[in-house]
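Following: one structure in structure tokens, then a few remarks.
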Amino acid sequence: MAWQLHYTSARSAERSGFQFTAASPGLPPGAEAVVSPYLGYRPPPEAPPAPDAAQLAAFPVALCYDAVGGRRLLVLSRYLGRDYSGRFGNFLAHAVLAEAEELEGLRPIEFWRASFWSSAPAALLPLLEDPPPGDAFDPAALGEWLAALDHDPYGRLAWLLDHTGDRIILVCPDVEEIARWFAVLSYSLPVEAAAALSFTTYTADPVTSPHRLVGTTPDVWAEQRTDHPAHPLDAPAPPHTPSRYAAAVVARWRAHDLDGLDALAELARLAPDSLDGAAVLRDLCDGGTPGHDAQKPVLPLLRHPDLPPWVWERLDIDALGFDLAAAVNRHSPDPAAARAAGDRCAHLVLTTPSLRDRLAEFSLEDPAELSVALSRELASATSLPSLADLTVIAERLAIPVMSELTRRTAHRLALRLPAPAQPGGAEGASEAVLEALERVCASARGPLLTGAVEALEHGGERVRRAALTAAVCERLAELADEAPLAESPQVALWVLRALAERHGVHGAVTLKFAERLPGHPAARGVLAARDVATGRDPKAAARALERVGGALAEPTLVAVADALTERSPRYRAALLAALDPRVGERLARHWIATAQTRARRFELVGVALRAPGTVLDGWARELTRRRITMLQLETYFRDDQTLRAALRELRG
């Protein structure tokens, strides 16, 4: 329902002057108070003070619009000249107060020159059912008018669109042109946004006007004392970098693409706070390729339940970033679009490391179709950790992992690990290996390990030194069942040496690893020496000890020598007697160097006395030259006359 009111200067039975002179029946209570602030008209200052009929027709007409009290208000004010008393200054304000649904689907500026507007006061005003809009502003005609304007009309339109949240004052002697601009702006926005945009095509008080869009004439504006900016329509548009939405609207006006303009507005109404999202989405539907960052405002649109079906049909899936592709995969009612979006997500995850923790955000209908893409990414991986990530992705997407391709790629990448001399060298190389082993999926760990270990084996000392830190060796030992260490003697030696340094030659971890290396010289030596310290037969222990050799010979012998200090002097002497003299000398010299207490020294003298003819003889003889030490030794061996006699003989 829409009610009409007339307001003008008239004489009535009750009063004379400006008053409401007519109203539609059933006018809602308080309607006159709601309408009153919008009623008024002052001619431009340069207008003739006593116009004739022809001059009156040239006075600007003011069409204003606003939303008030849940209803919609339109007021058309025109200057009438003389009132009932013959005085100039009279005007007619014709107001239409409508329920919101009466104007639904219409832009308020469409009521410019509507047929129901009165040019003179009327006695009776009927209710308006579905107020008919005027036909002055056809979008096609507006497009032609816009194209013919000077002063960069499209730049002005972009500026206006991006400043609809501000108060805009347009200045022009012809209010018809101002109304046209309001119409172009309204057709550039969703219907709902245009309905929220209050305006007046003319006012003599532009600075205090309550409207968002304000029109006035140059002579009015010349009298204003304000810093508020105004935009004369006969001057160039303000410099401006348009938003994506403004640029999209301008492009469609330029091309006279009214259908495209409607489609853009159809999208924009779904997300009025993010018009740029509508522009980007429309661009994606038209084959454009906006960057992934520019696509962020589109996400609320793709999740909107009222998204037009044509979007799903026209959307260029291959241009979507991950967020949008995942939204299409989850929300599209079009199975083909959803399937294509899932494939797009998978391709992006495969090629973008930062997305690899977002596998749960989409689904695939046929993961096997991505095998070719996976093989391409596996082959071109740039680091061991990225290769490991790809295997995880493949496993989670149920794509079979190509073991041989994984092995070859791991081999290539391990050969390129940075050298210790390079920035981040040893640390960077070892971290890459550890990260890869930590992140690789279980089914691909064997192939990755195999490729990396083979590269370290054949890549030379530089590669091994860069990668095989203590932490990496420790991890390789834990994964010995999956890595070809038995066939990689150089890598195995690095690991065994690192374990020996950290856990000791006889440490459980070291011995367990050595057992996994049948035939390896260093491992053989470690295992051969394992039982020397606890063996019962000194001769058998000597034979085992003589087999210790290779790169770990020295630390192994040292470890054995330390362990043997816990054995009796009699056993140690028998072992020395059975050993190859060169091996025995190395043991004896270590015992001499580590005999720091008197008890250890006296035990070692007992070994020397029982196994004469070794380097222990000279060391023991020097001890006996000290009188007090000799007396202490005689006391120490007092229960064994044979050793006491050997002691005196040693002293000479």
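The values are calculated or read from the model by the stated rules, or taken from the named source; none is laboratory data. As the structure is a prediction and not an experimental result, all values here were calculated from the model. All Cβ positions, even for glycine, are placed from backbone atoms using ideal geometry, and neighbour counts span all protein chains on display.
Computed values, structure above
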item: Test: residue in segment 616-626 that is free of Cβ contacts under 8 Å to residues at least 24 places away in the same chain and buried (at least 18 other Cβ atoms within 10 Å of the Cβ); result: yes
item: Extreme residue, surrounded by the fewest Cβ atoms within 10 Å (Cβ to Cβ), among residues of segment 366-395 that are part of a loop (DSSP other than H, G, I, E, B) and not polar (S, T, N, Q); result: Asp366
item: Ala551 vs. criteria outside any loop (DSSP other than H, G, I, E, B), surrounded by fewer than 21 Cβ atoms within 10 Å (Cβ to Cβ) and at pLDDT below 85; result: no
item: Some residue of segment 142-159 being touching a Ser or Thr at 6+ places or on another chain (Cβ under 8 Å), assigned by TED's automatic domain parsing to the domain that holds Ala271, at pLDDT 95 or above and assigned to a loop (DSSP other than H, G, I, E, B); result: no
item: Count of segment 305-337 residues which are part of a helix (DSSP H, G or I) and either of a type in the set (Val, Ile, Thr) or in contact (Cβ under 8 Å) with a residue 12 or more places away in the chain (or both); result: 20
item: Residue match in segment 519-527 (condition: in contact with a Lys or Arg (Cβ under 7 Å, 6 or more places away or on another chain) and part of a loop (DSSP other than H, G, I, E, B)); result: no
item: Count of segment 31-60 residues which are assigned to a loop (DSSP other than H, G, I, E, B), in contact (Cβ under 8 Å) with a residue 12 or more places away in the chain and not hydrophobic (A, V, I, L, M, F, W, C); result: 10
item: Out of Thr391, Thr409, sole residue that is without any contact (Cβ under 8 Å) to a residue 60 or more places away in the chain, of a type in the set (Val, Ile, Thr) and in contact with a Lys or Arg (Cβ under 9 Å, 6 or more places away or on another chain); result: Thr391
item: Boolean, Ala251 is under 25 Å from the mean Cα position of the chain (by Cα), within 23 Å of His163 (Cα to Cα) and either at pLDDT 95 or above or assigned to a loop (DSSP other than H, G, I, E, B) (or both); result: no
item: Single unsatisfied condition, Leu576 versus (1) within 23 Å of Leu493 (Cβ to Cβ); (2) assigned to a helix (DSSP H, G or I); result: (1)
item: Pro353 being closer than 29 Å to Ala373 by Cα and outside the structural domain of Thr164 (by TED's automatic domain parsing); result: yes
item: Residue match in segment 263-272 (condition: over 21 Å from Pro333 (Cα atoms), touching a Phe, Trp or Tyr at 6+ places or on another chain (Cβ under 6 Å) and surrounded by 20 or more Cβ atoms within 10 Å (Cβ to Cβ)); result: no
item: Restricting segment 119-133 to residues that are surrounded by 15 or more Cβ atoms within 10 Å (Cβ to Cβ) and of a type outside the set (A, V, I, L, M), the residue that is nearest to Tyr187 (Cα to Cα); result: Pro133
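Yes/no matrix, rows are residues, columns are (1) under 20 Å from Asp318 (Cβ atoms); (2) in the same structural domain as Val328 (by TED's automatic domain parsing); (3) among the hydrophobic types (A, V, I, L, M, F, W, C); (4) modelled with pLDDT of 85 or more:
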residue	(1), (2), (3), (4)
Leu387	no, no, yes, yes
Leu397	yes, no, yes, no
Pro420	no, no, no, no
Glu427	no, no, no, no
Arg439	no, no, no, yes
Arg445	no, no, no, yes
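Table: residues versus (1) within 18 Å of Pro555 (Cα to Cα); (2) out of contact with any His (no Cβ under 8 Å at 6 or more places or on another chain); (3) among the polar types (S, T, N, Q).
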residue: Leu449; (1), (2), (3): no, yes, no
residue: Ala452; (1), (2), (3): no, no, no
residue: Ala466; (1), (2), (3): no, yes, no
residue: Val472; (1), (2), (3): no, yes, no
residue: Ala477; (1), (2), (3): no, yes, no
residue: Ala486; (1), (2), (3): no, no, no
residue: Val495; (1), (2), (3): yes, yes, no
residue: Thr510; (1), (2), (3): yes, no, yes
residue: Leu527; (1), (2), (3): yes, yes, no
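For (1) among the charged types (D, E, K, R); (2) crowded, with 23+ Cβ neighbours inside 10 Å; (3) over 28 Å from Ala100 (Cβ atoms); (4) not assigned by TED's automatic domain parsing to the domain that holds Ala148, each residue gets a yes or a no:
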{"position": "Thr201", "(1), (2), (3), (4)": "no, yes, no, yes"}
{"position": "Asp205", "(1), (2), (3), (4)": "yes, no, no, yes"}
{"position": "Pro218", "(1), (2), (3), (4)": "no, no, yes, no"}
{"position": "Ala222", "(1), (2), (3), (4)": "no, no, yes, no"}
{"position": "Thr226", "(1), (2), (3), (4)": "no, no, yes, no"}
{"position": "Ala230", "(1), (2), (3), (4)": "no, no, yes, no"}
{"position": "Pro236", "(1), (2), (3), (4)": "no, no, yes, no"}
